[in-house]
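Let me begin by presenting the structure, written as structure tokens, before commenting on it.
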Amino acid sequence: MKDQRHKRKEIYSVLMVSNTNGKSRQFQVSAFTLRFCAAFVIFLCLVIGWLIYQASVADGAQQVLRQEAASLKEQLQQLETEKEALTKDKLTLAAENEALQRQVEAAEAPEEVPEEETSEEEEEESPVPDLYPSDGVGMQKTSYSDEQPYISISAYTDAHIVAAGNGTVTAVSSDDTYAHIIEVEHEGGYTTRYLLHQDAEVNTEEGAQVQAGDSLMTITSDDCQLDYQVLLNGEPIDPLTIIDAKG
């Protein structure tokens, strides 16, 4: 029969001695426990080392990210500056384009012929009743005099007795001598009177506003006579002096 030998466990003794009172204490640790503790310590060191390495790697990554963020921020600021510059350039180009467009339009527009300058007297309407009182063919029969403070004019069918100037009709009447009497007041103290011996068609009424050249009467028979009188501030004047001065 073979001898059976029992393996003995390896046991290590740890002696701990106090440096104050000299007492000692002994601990016994098996080889397995000692190896396990050593392996655990080594594993713990490895874990701690790995954690430190990861922390350093993470810190380096954070620094890289910070640098990239700073770089991106700088690029963004540069882009904003470039954008502002481009906006200013765009506005400047738009203003130059508009100015050029106006120049082109001005060059293509037909040249305007300057109007002839007129004096203030020509621009303003004259208050003087300076028109000839008839638009038809006729002739002057009598001249103005102190005894006859008017001129006599012949008129024929379809001719019109017209207002000599702008004014207001103040009277439309008749008497034993004249079939129609029309009186018009003008600015500047002028009054004109249209005295027709024969019957005619009256084209106005008292209170009407008339313009120079408006028809007051239409002649309906041949060989009519119009006595035309002009008053200035109530005093008769020669109508031909007014017509000749303006006509």
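The values are calculated or read from the model by the stated rules, or taken from the named source; none is laboratory data. Keep in mind that this is a model prediction, so the values were computed, not measured. Reconstructed Cβ throughout: ideal geometry from the backbone, glycine too, with neighbour counts over all protein chains shown. SASA here: full protein model, heavy atoms, side chains in, ligands and nucleic acids out. Shrake-Rupley method; radii C 1.70, N 1.55, O 1.52, S 1.80 Å.
Would you be so kind as to identify which of 211, 62, 197 lies farthest towards the positive end of the dipole of the chain, taking Lys and Arg as +1 and Asp and Glu as -1 on Cβ and the Cα centre as origin?
Positive-most Cα among the choices belongs to 62.
Could you report the accessible area of residue 183 in Å², rounded to 10, computed with a 1.4 Å probe on the protein chains as they sit in the structure?
It works out to around 50 Å².
Among 40, 232, 220, whose Cα sits farthest toward the positive end of the charge dipole of the chain (+1 at Cβ of Lys/Arg, -1 at Cβ of Asp/Glu, about the Cα centre)?
Going by the charge dipole, the pick is 40.
Which whole-number value in Å² is the accessible area per residue of region 120-247, probe 1.4 Å?
53
For the chain: lysine pairs with Cα atoms under 27 Å, gap of 8 or more or different chains, count? Could you put the intermediate results ahead of the total?
On the way: 73/83; 73/88; 73/90; 141/246.
Value for the chain: 4.
Just how much of residue 177 is accessible, in Å², when a 1.4 Å probe is used and the result is rounded to the nearest 10?
Here the accessible area works out near 80 Å².
With the chain treated as a Gaussian network of Cα nodes joined by springs under 10 Å, which of 154, 145, 18 yields the largest mean-square fluctuation?
Looking only at 154, 145, 18, the biggest GNM fluctuation is shown by 18.
Non-local amide H neighbours of residue 217 (under 5 Å, H modeled in plane, Pro and chain starts lacking H): which ones?
Result for residue 217 returns 161, 203.
Which sequence of 158, 135, 59, 227 reflects their accessible areas, 1.4 Å probe, from the largest down? Don't skip to the answer; put the middle values down first.
On the way: 158 115, 135 95, 59 70, 227 0 Å².
Largest to smallest exposure gives the sequence 158, 135, 59, 227.
Kindly provide the pair-distance distribution of the chain built from C-alpha pairs, with 10 Å bins from 0 and whole-percent values in order of increasing distance.
Bin by bin from 0 Å, the calculated values are 6, 16, 12, 5, 5, 5, 5, 5, 4, 4, 4, 4, 4, 4, 5, 5, 5, 2, 1, 0.
Please give the solvent-accessible surface of residue 91 in Å², to the nearest 10, using a probe radius of 1.4 Å with every protein chain present.
Per-residue accessible area (residue 91): approximately 120 Å².
Sort 224, 37 by accessible area with a 1.4 Å probe, largest first.
Correct descending sequence by accessible area is 37, 224.
Ordering 215, 24 by accessible area with a probe of 1.4 Å, largest first, what comes out?
Accessible-area ranking of 215, 24, largest first: 24, 215.
I need to check one value: relative contact order of region 134-210, counting alpha carbon pairs closer than 8 Å and at least 6 residues apart, in percent.
25
Under unit Cβ charges (Lys, Arg +1; Asp, Glu -1), what dipole magnitude, rounded to 20 debye, does region 155-223 have relative to its Cα centre?
The dipole of region 155-223 has a size of about 200 debye.
Suppose every Lys and Arg Cβ carries +1 and every Asp and Glu Cβ carries -1, with no other charges. What dipole size does the chain come out with about its Cα centre, to the nearest 20 debye? Could you put the intermediate results ahead of the total?
Working: 17 positive and 45 negative charges, 1826 e Å.
With Lys and Arg at +1 and Asp and Glu at -1, about 8760 debye.
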